[in-house]
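Every number here is computed from the coordinates shown, using simple stated rules; none is lab data. Just so it is clear, the structure is predicted and the values come from calculations on it, not from any experiment. Positions of Cβ are backbone-derived with ideal geometry, glycine not excepted, and every protein chain shown enters the neighbour counts.
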Amino acid sequence: MNSKVNDIKWTSGTIEDRIRPTSSRKTTKAEDLRIVLLSKRNRKLTAPQIAAEVNRGREEQVSVCTVKRRFQQADLHGHIAIQIPLLCLGNSAKRLKWARSHLEESLDDWK
């Protein structure tokens, strides 16, 4: 058997893993809300820019990973917004011509 499993079994009496203490949170609930609001107000801000904004005036610095973690907790996932090209004049004219030519058709013609 694995020695790590034996150590866990020997210390806790079972094969299950023990509950380990977690580190304290670096941000408060109000700071978490501020991180989310900064991101929602300006969607083009990156996590390092928001971390720099949050760290302004703080003694204990918040890492970029912490900011990203707060984004995930708030269901904000990084997606790049793309711009869909608009119709050029030629295609919009063709589309209008097609619509006008099919204007007189009945509902049965479309089936």
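Shape call for region 33-111 from the C-alpha gyration tensor, a ≥ b ≥ c root eigenvalues: rounded (a/c under 1.5), prolate (a/b greater than b/c) or oblate?
Values: a/c = 5.81, a/b = 3.47, b/c = 1.68.
Taking the square roots of the gyration eigenvalues as a ≥ b ≥ c, region 33-111 is prolate.
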Spin-label pair residue 72/residue 104, simplified geometry with 7 Å Cα→Cβ offset, distance in nm | 6.3
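Could you order the peptides 57-67, 22-32 from most to least packed, using the average number of other C-beta atoms within 10 Å per residue? Numbers along the way, then the final one.
On the way: 57-67: 12.7, 22-32: 10.7.
Averaged packing, sorted descending, gives the order 57-67, 22-32.
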If each of residue 25 and residue 94 carries a label point 7 Å out from its Cα toward its Cβ, how far apart are those two points in nm?
-> 5.6
Per-residue HN-Hα couplings for region 65-71 [Karplus 6.51, -1.76, 1.60; θ = phi - 60°; Hz; x = Gly/Pro] = 4, 5, 5, 5, 5, 5, 4
